[in-house]
Each structure stands twice: as C-alpha cells, then as structure tokens.
Amino acid sequence: MMDMKSVESKWQAKWEKTKLNVFNKKNADKKLYVLEMFSYPSGAKLHVGHWYNYGPTDTYARFKKMQGYEVFQPMGFDAFGLPAENYAIKTGIHPKDSTEKNIETMERQLRNMGAMFDWSAEIKTCEENYYKWTQWLFLQLYKKGLAYRKEALVNWCPSCETVLANEQVVDGKCERCSSVVLRKDMTQWFFKITDYAEELLTDLDTIDWPEKTKLMQKNWIGRSTGCEIHFECETGDTITVFTTRPDTLFGVNYVVLAPEHPLVDKLKAAHPENADAIDAYVRYAAEANDIDRLSTAREKTGVFTGAYAIHPLTGKQVPIYLADYVLYSYGTGAVMAVAAHDERDYAFATKYGLPITQVIQKVGGETILPYCEDGILVNSGEFDGLSGEEARDAIAVHLTKIGKGGKKINYRLRDWSVSRQRYWGAPIPMIHCEKCGVVPVPEKDLPVKLPYDVEFRPTGKSPLASHEGFMNCTCPECGGKAQRDPDTLDTFVCSSWYYLRYADAHNEKQAFSTDVANKMLPVDVYVGGSEHACMHLLYARFITKALRDMGYIDFSEPFKRLVHQGIILGPDGNRMSKSHGNVISPDTYIDEYGSDIFRLYLMFGFSYTEGGPWNDDGIKSIARFIERVERIVRKSQEETNGGRTEKGAAEKELDYVKNHTIKSITRDVEAFSFNTSIARIMEYVNALQKYDAENAEKNVAFYKTCVEDLIRMLAPFAPHFSEELWEICGNKDSVFLEEYPLVNEQALIKDETEYAIQVNSKIKAKILIAQGLSDEEIQAVVCANPEIAAQIEGKSIKKCIVVKNRLVNLIVG
RNA sequence: GCGGUCGUGGCGGAACUGGCAGACGCGCAAGACUAAGGAUCUUGUGGGUAACUCCAUGCAGGUUCAAUUCCUGUCGACCGCACCA
C-alpha cells in the first residue's frame, strides 16, 4: 500500500513547482473567490477546528476548479491581537517574535494540509505592507466623517487593562479573560457604523447567508419604529425620550433618566436638598456590576430628583426620577414612564407610590393593569376612541406640528469603538498638536511604524504612550512639536478589509486597485465560524459599503454566500478546552494516516454545518476505504485490454451507478454536504467491486474508464492520493486539470422502475413498471399484478394516486 | 423572558419540492480464507412475533390517500439577544 506521507509531500512539491494553485489572471472572467476566514496565530499549531474549516472547504474549491472555474483561494494571518500580547506579558517573549514563530509553524502545517491555497497572495496583518493600508483605511473613514473621537463610557477590562467593544463583552465579562468589565470614561475613536444601520439591515435580503446569521444581525441592529418626544424641564433643558408607544402618551406619570444621563448634574444643582440622595443613587448604579444591572429579576430601584418636567400635551407637571432600569446606551437614555401600560414602569410606580393612569382599554374584555397590548384610547383628550395604531400615527403627527417631537426610527446598534490601549496592533495614524488639535498623518507618511522596543506590560496607559521616540513628532500642519495617538486599532479593523487586499496583495501604491477589486470581488463563498455573526461579519459589510460610497469599489456586499462550519467537540461532548482536558490534536492522526485520510474522515463523519463530538472509530474505516480504492485501481491496470466490447446489462448497471453518483455529488458538494457525497462514492466503489467480481469476462476498456472516472470523482476529496492514482494510470498531467465527470442523463434512464404499491396507504408490494406509461396504464399494470389483485378482490377502486417513479396508492373500499 | 435551531437504530449520520424511514459507514453476529487474524472477502443486523403481520423519527393531538417533513400544544438540548422604552 501507498506511503501516504511521501505521496503527499511529493505532490505538494509538484503543485508548488507547476504553480497549480496560483490564480491565473487571464481567466478572471471565470473567477470563483472561495475564502476561509484567515487564521489567528494565537496557538502555535493548527487545531481540529482549522482542519474542519479548511479541509472540506478546499474540497469545495477543488471541485469547482475541476468544474472549470478559475478558483482563487488565498490564505493569511490575522496576526495582531491580545493573545500574543498577553503571552508576551507572561513570558517576556516579544509579540512580534512569538507571532512570527507561530505563523511559521502554522504556515508549514497549512502547506502540509495540501489545500490549494494561493500562497502568492498571502498576507499577514502585522506586517508594515499590510497595516500601512489599514491606517490608510482609517484616514479615509476620517476624511469621510466616519471616524470620530468622543468621550465615552467604555467597557474597561481591569485584567487586560484595555477597552473592549460592546461586542467583546459577554455577560458583563471580558470575552477573552472573563474578568468583570467596569465602566470608565475615556476619549476613544469610533467608526460611525450607525450611519449604515438601515442599509446593513435591508441588504441582508440580497445575500445568500444562513437565515440564522441574518436574523442575528437583524436583532443586533435592532431597528424599532417609534416616536421621539420632548419634555420641557424646569431647568430650561429638554428631556428627549424615545418610545414605541406614543399612543400611551396621556398616561405618562413620570419621566426617568438613566443615572449616567448628562442632565443629572444640572438637576442636582437645582435641587441641592436631594443632592445626597442623587449622588448615592448614581454611585449605587455605577457600583453594581453589569451582570446585576442587566438582570431582569433585579428589583426596580430609583430616586426622585426633586425636579419636574412638563407634559408636552397636557401641560401637567410630571416628576423626574433616576432609575437604573433605564439604560443610557439605548435610545436617548431617558424614558417616559406609563405605569398603567408597561410592566417595568408599573412595578416602579407601585413600589414608590406613584399614580397610575389608564389610557388604553382592552377591546372585548376587562383591562387588567399593567395592560401592555394594543387597545382603544381613553383619558386621552381629542385622541379618545382611536385604536393603538391610529393613535400612534396621530399623536406623532401632532407632536411634529407643535414642535415637541415626531416619528423616529431607533437602532440598538451602537458605533464601533476602535481604540485599544494596547501595543500589538496597528497604530492609529493621528497626531495631537497643541495648536492645530487632532491632525491626520499625511498619507505619504504612512505607515506609522509600530516600534519594537516597547514596554508592553500593562500600566493602564497605552504601552506606546511611554515610548518617546514613537510619541514625539512634528505637526504636519504647523510644523511644531506634537504627539502621536498612543492607541492602536481594534484587530477587527484589520480583518474588516483583508479580503480586498488578497485580490491585490502586492500593490505598493494602493490598498488595492479599484479595477482588480471590482473584478475579483465580492467573495463568492465565505466559510467560517458563526461566532463572528455580529462582529467581523457586520464590520466587513460596513467597511465595504463605506468604501463603495468613497468610490473605491462598486459593490455593496463583501460576501455573496456564507457558510458556517459546525464545531467539533471533544469526545465527551463538551467544547474542546485545556481545562476540560478533552483537546484532540490533529497531529497524531496526520502522522499516522496523513492529510487526505484525516480530511476525508472529517468530511464523512460529521454533518458539515452541525459538527459534533469527536470520535475516531471511523477514521480506520476511511483508511480501509482508501486502500480498497487503491487495490481496485492497481488491479484495473493489470487487466489487458480485451474481453467483451459490447455493453450488456452489467455494464449498463455500472454506468447507471456511476452517473447517479456524479449527479448526487454535483448537487451535494454545492450544498457543502460532504458526508453524503462520500457515501455516494463508496456506493460507486462497491459497484465497481461487484462488477469486477461478478464478471469473469469484463468489458475492460469500459471498466477502465469507470475506474478513471472514480479517480476524478475522488480527487477533490483526497487530492494527493488521487494524483498518485492518476499517475499510476499512466497520466502525465495533474488530475486537477481534468474536468469533473459530467452526468450522462441517458445512462440514468432505466427501462423500468421499481414502484412501491400501496393499498389504502399500506405498502403491499414492490413491482417493476416500464417507463413512459400514463397514470391509467400504470394503474392497469398494478391491478393486473396477482399479489395486488388478491388484495383488492371484491372491492371497488375509489381513487388511484400515482407518484411517477415512486409509488402507487390504491384507495379501495 | 424574547427570538432561533434541533430531537431519527447500540453509535456517527441519510431521506431532493409531503411519497418505500434508517442511505453510507462504525459496531456487532455468522461464515470463507488462514498456523493465526486486530488483514481481506461474503452474509445478516430498528424493535416485537413461530408466522400473517404489527409497532417505531422526543411526547400528545391535527391536516392529508400519504407526515421525519406541514400545523397546534408540550418536554428536552443547544445557540443568540436580554429592563430595548
């Protein structure tokens, strides 16, 4: 039997030499951009997840190549980021050194995988020739007004000593280290992703993505239609609230501000008698960690400010409260409280003895408060008698007329905070000048290089801040002394545009050429984990749209089709993790069986999008299967041409199975259903073996073409092995230059098909029926069958249902 | 709490727009070849029954000639969001 290891390295060397996997620009009109999410070199080695993402997707790519597409399948490294820096803090090994070393190992392993990656387009986001353009991207967004700085409450991880994006906070904890996240005021750079909220939402309809992922993005964007309403405050300020229920406006009993609301200080000054209580409450709200604060079960608490606001329609005074059930980050950070028709407001009003005014009446039934459904308006002046929907519209229109508010669409999505007080990232290309303020680094001065000799141990400040050589610079506007921005960019910025750079990876003058990008993109099929649904995948869409609006590209969505692979769990059914002690290393399997067999097993043993617990029982059976194929091929080569030349029943049967197999694979691979594809190939192998065993005198020429077709079919699934077999069959060129076998529909037409025959929906017989008969003729054939005739004897046929090529159901009585 | 996905043999998993449930493989059993078999090949394999047949896709209903597939309820698992005004 073949030594898989040497066969694999032999073919990897040949592919490299013949540049088999390099994208040929001449065939750009047939391009197919197949992309896997690039690797993050945090660990030194590839894990099962990498293999599961890249192996099967490579099979898809190779399959499409054999179908005649010019496939572009690049690979690279998302190399900046926290883990390398955390590792550096622990061990003292510089992030650049450890990252480069990890990349070297992973790259070698990826090459050994034997995927058709086009390494000529490789990118590493931590290299100057890449992050120069990440900085360029930042400058373009800045010019366009999409990058701005604001003082903001940010999520601060005390352990990583850095700011986290909302998306990186999971259950009030740091996504990476699980420390409880605190709130802290800081000046940060933000990208105005909210400008694109509406388009990000509506364009979901134009892309072929899993519905689940689209729904997650939809919920993340969180569009809600409602009304903005202004309440005059006694300090002369205006409190603006957002509500989806303006129909309940007459039922407002009080107004609530989030404890972080900027107006709180003013109200406190106006009511010094309540200052202590307000301070205490603000402190109480700030001290509560996010987990408690976000708990639905948390008891409603709050404090009266002493101040009042004026109801915009009734002119009545309503008290202003602070309560932490109002979130500063959503809407306007203030709500109008309608105790009778909102559960939270009801609970709060009951607790603090506030009045409750019913303004909605249930249609047909008793109204039990709090009543949160739609109904007919009462106690609402001129709006009495309107339905909820009519009232929402009428009140909004009225508010607009009197200048006290109006219709408003609100989004849950917040702007993307991109500043990181971290070393291992792309420096933000901005300069702070005492005279000129914030000044962008001129594009000709890019990249702003990340210095090597930096103290990266956390101090609470950005590591770069204490590097004088980096910080001190001259202002590009006035030429005076100035300071660089000490922060680096969120690594999601690096990964939000890498798919564009791949297409033009060696361009030294631009991030990418517009022409090339428009030809090569969008990515036709993008494959990666679903954990990126609301982060990377949303950011990349935003950046694409922003670049389009700046005229750099002419398409609106980066990834036409998206596929998520499932997750391979540990043998115990838990996620693989060191703490569970259930991590499976692919390396031992690769050593024993080689890349092809490992990949085949990953494809055969799991439903690709489901994943599941690891179990290596099946891997031996794949090895056996491969050996069986090899035996068949070698044996077929020993046959001398001759034997019979005509195609008899046995040949027709084999031809049928072959074409059925081709047809199934063609459909299944397109759907990333690799397990069924391989099952069909196994059936075909069984059929070949059966033909070989049962026909002492074979049609050798025919049999040999069937065996060669098997190699072509198998090639995308077991690339090295198939190349070797192809060579054994006497072929000089790569099997990947062959066309994938095409279905001969003629071979699939059988003279007769087996029908299941039901009588009163119960299966009674299976009979062969000739092709091309009408329903009536089929019924006649069925009734003539002795078995069926016995069943229906003495009964009349009430109905006969014929499903072509499948079954006949006779309803008798 | 809200939204979503999924529950199929001992196991991994199939079943295209409702149409023969359990493809393919593992495991198991019997046999062949063997000094030997953990190699290879053949056969069998959802459950009950002596058999005709009957029961089976988490559970309970419904629609239909026909339901793993559609609908309602319910239990369980997983994922996402979570005081969203």
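The values are calculated or read from the model by the stated rules, or taken from the named source; none is laboratory data. What you are looking at is a predicted structure, and each value in this text was computed from that prediction instead of being measured. Note that each Cβ is placed from the backbone with ideal geometry, even for glycine, and that neighbours are counted across all protein chains shown. For the accessible areas, the whole protein counts, side chains as well, though only heavy atoms, and no ligand, DNA or RNA atoms are used. Shrake-Rupley method; radii C 1.70, N 1.55, O 1.52, S 1.80 Å.
Taken over the stretch A:55-98, the criterion of being in a helix (DSSP H, G or I), closer than 21 Å to A:Cys494 by Cα and touching a strand residue (DSSP E or B) at 6+ places or on another chain (Cβ under 8 Å) is satisfied by A:Leu82 alone. Determine whether A:Leu654 is in a helix (DSSP H, G or I), among the aliphatic types (A, V, I, L, M) and touching a Pro at 6+ places or on another chain (Cβ under 8 Å). Judged against the criteria, A:Leu654 is not a match.
Consider the stretch A:330-340 and keep the residues that are open to solvent by less than 10 Å² (accessible area, probe 1.4 Å), within 25 Å of A:Thr367 (Cβ to Cβ) and not β-branched (Val, Ile, Thr). The one that is nearest to the chain's Cα centre (by Cα) is A:Ala337.
Of the numbered criteria (1) in a loop (DSSP other than H, G, I, E, B); (2) modelled with pLDDT under 90, the one A:Gln358 fails is (2). Counting residues in the stretch A:108-117 that are over 23 Å from the mean Cα position of the chain (by Cα) and without any contact (Cβ under 8 Å) to a residue 24 or more places away in the chain gives one or more. Applying the condition of being touching a Cys at 6+ places or on another chain (Cβ under 9 Å) and within 16 Å of RNA strand B (Cβ to nearest atom) to the stretch A:141-171 and asking which residue is modelled with the lowest pLDDT yields A:Glu167. Under the condition of being among the polar types (S, T, N, Q) and not in a loop (DSSP other than H, G, I, E, B), which residue from the stretch A:740-792 is modelled with the lowest pLDDT? Applying the filter and picking the extreme gives A:Gln791. Taking the criterion of being within 23 Å of A:Trp133 (Cβ to Cβ), among the small types (Gly, Ala, Ser) and in a loop (DSSP other than H, G, I, E, B), the residues of the stretch A:397-453 that qualify are A:Gly425, A:Ala426. Per the listing A:Leu257, A:Leu322, A:Leu327, the residue uniquely of a type outside the set (Lys, Arg) and surrounded by fewer than 21 Cβ atoms within 10 Å (Cβ to Cβ) is A:Leu327. Condition check: touching a residue at least 24 places away in the same chain (Cβ under 8 Å), out of contact with any Asp or Glu (no Cβ under 6 Å at 6 or more places or on another chain) and either surrounded by fewer than 22 Cβ atoms within 10 Å (Cβ to Cβ) or at negative phi (or both). Does A:Trp11 satisfy that? No: the conditions fail for A:Trp11.
Entry remark, the stretch A:793-813: residues being part of a loop (DSSP other than H, G, I, E, B), open to solvent by less than 70 Å² (accessible area, probe 1.4 Å) and at pLDDT 85 or above number 0 in total.
Residue-level check: of (1) more than 11 Å from RNA strand B (Cβ to nearest atom); (2) part of a loop (DSSP other than H, G, I, E, B); (3) under 16 Å from A:Leu600 (Cα atoms); (4) of a type outside the set (Ser, Thr, Tyr), A:Ile665 misses just (2). Note on the stretch A:567-606: residues that are within 12 Å of RNA strand B (Cβ to nearest atom), touching a Gly at 6+ places or on another chain (Cβ under 8 Å) and either touching a residue at least 60 places away in the same chain (Cβ under 8 Å) or basic (Lys, Arg) (or both) amount to 7. Away from RNA strand B (no atom under 12 Å from the Cβ), of a type in the set (S, T, N, Q) and modelled with pLDDT under 95 - does that describe any residue in the stretch A:679-696? Yes, the stretch A:679-696 has at least one match.
Contact annotation: residue pairs with Cβ atoms under 7 Å, 6 or more positions apart or on different chains, pairing a residue in the stretch A:514-535 that is within 16 Å of RNA strand B (Cβ to nearest atom) with a partner that is β-branched (Val, Ile, Thr), are A:Ser530/A:Thr213; A:Ala533/A:Thr213. Of the residues making up the stretch A:320-344, those that are under 16 Å from A:Arg412 (Cβ atoms) and either outside any strand (DSSP E or B) or more than 7 Å from RNA strand B (Cβ to nearest atom) (or both) number 8. For the stretch A:440-453, the criterion of being in contact with a Cys (Cβ under 7 Å, 6 or more places away or on another chain), at pLDDT 90 or above and open to solvent by less than 50 Å² (accessible area, probe 1.4 Å) is met by none of the residues.
Quick one: in the stretch A:232-258, of everything that is of a type in the set (Gly, Ala, Ser) and assigned to a loop (DSSP other than H, G, I, E, B), which residue is nearest to A:Tyr325 (Cα to Cα)? Step by step, filter the stretch A:232-258, then rank; the result is A:Ala258. When A:Asn86 is evaluated against the numbered criteria (1) at pLDDT below 95; (2) open to solvent by less than 30 Å² (accessible area, probe 1.4 Å); (3) among the polar types (S, T, N, Q), which criterion, by number, is the only one it fails? With (1) at pLDDT below 95; (2) open to solvent by less than 30 Å² (accessible area, probe 1.4 Å); (3) among the polar types (S, T, N, Q) applied to A:Asn86, the lone miss is (2). Of all residues assigned to the stretch A:52-69, none qualifies as being of a type in the set (A, V, I, L, M), buried (at least 17 other Cβ atoms within 10 Å of the Cβ) and within 30 Å of A:Pro451 (Cβ to Cβ). With respect to being within 20 Å of A:Lys690 (Cβ to Cβ) and surrounded by fewer than 19 Cβ atoms within 10 Å (Cβ to Cβ), A:Glu670 falls outside the description. For the residues A:Glu727, A:Glu739, A:Glu708, A:Glu694, the requirement of being open to solvent by 70 Å² or more (accessible area, probe 1.4 Å) and either within 43 Å of the chain's Cα centre (by Cα) or free of Cβ contacts under 8 Å to residues at least 12 places away in the same chain (or both) singles out A:Glu739. The one condition from (1) assigned to a loop (DSSP other than H, G, I, E, B); (2) within 27 Å of A:Asp549 (Cβ to Cβ) that A:Gly460 does not meet is (2). Considering only residues that are of a type in the set (Gly, Ala, Ser), touching a Leu at 6+ places or on another chain (Cβ under 9 Å) and in contact (Cβ under 8 Å) with a residue 12 or more places away in the chain, look in the stretch A:360-403 and name the one that is surrounded by the most Cβ atoms within 10 Å (Cβ to Cβ). The extreme case among them is A:Ala391. Quickly run through the stretch A:609-651 and pick out the residues that are in contact (Cβ under 8 Å) with a residue 12 or more places away in the chain, in a helix (DSSP H, G or I) and more than 16 Å from RNA strand B (Cβ to nearest atom). Once the filter is applied, which keeps residues that are in contact (Cβ under 8 Å) with a residue 12 or more places away in the chain, in a helix (DSSP H, G or I) and more than 16 Å from RNA strand B (Cβ to nearest atom), the stretch A:609-651 yields A:Gln637, A:Glu651. The residue that is farthest from A:Glu434 (Cα to Cα), counting only those in the stretch A:484-543 that are open to solvent by less than 10 Å² (accessible area, probe 1.4 Å), of a type in the set (D, E, K, R) and over 14 Å from the mean Cα position of the chain (by Cα), is A:Arg501. Among the residues of the stretch A:221-235, none qualifies, meaning not one is among the aliphatic types (A, V, I, L, M), under 26 Å from A:Gly388 (Cβ atoms) and open to solvent by 10 Å² or more (accessible area, probe 1.4 Å).
Listed by first and then second residue, the pairs linking a residue in the stretch A:213-235 that is over 21 Å from A:Ser329 (Cβ atoms) and more than 6 Å from RNA strand B (Cβ to nearest atom) to a residue that is charged (D, E, K, R) and modelled with pLDDT of 90 or more, with Cβ atoms under 7 Å apart and 6 or more places separating them unless they lie on different chains, are A:Thr235/A:Lys266.
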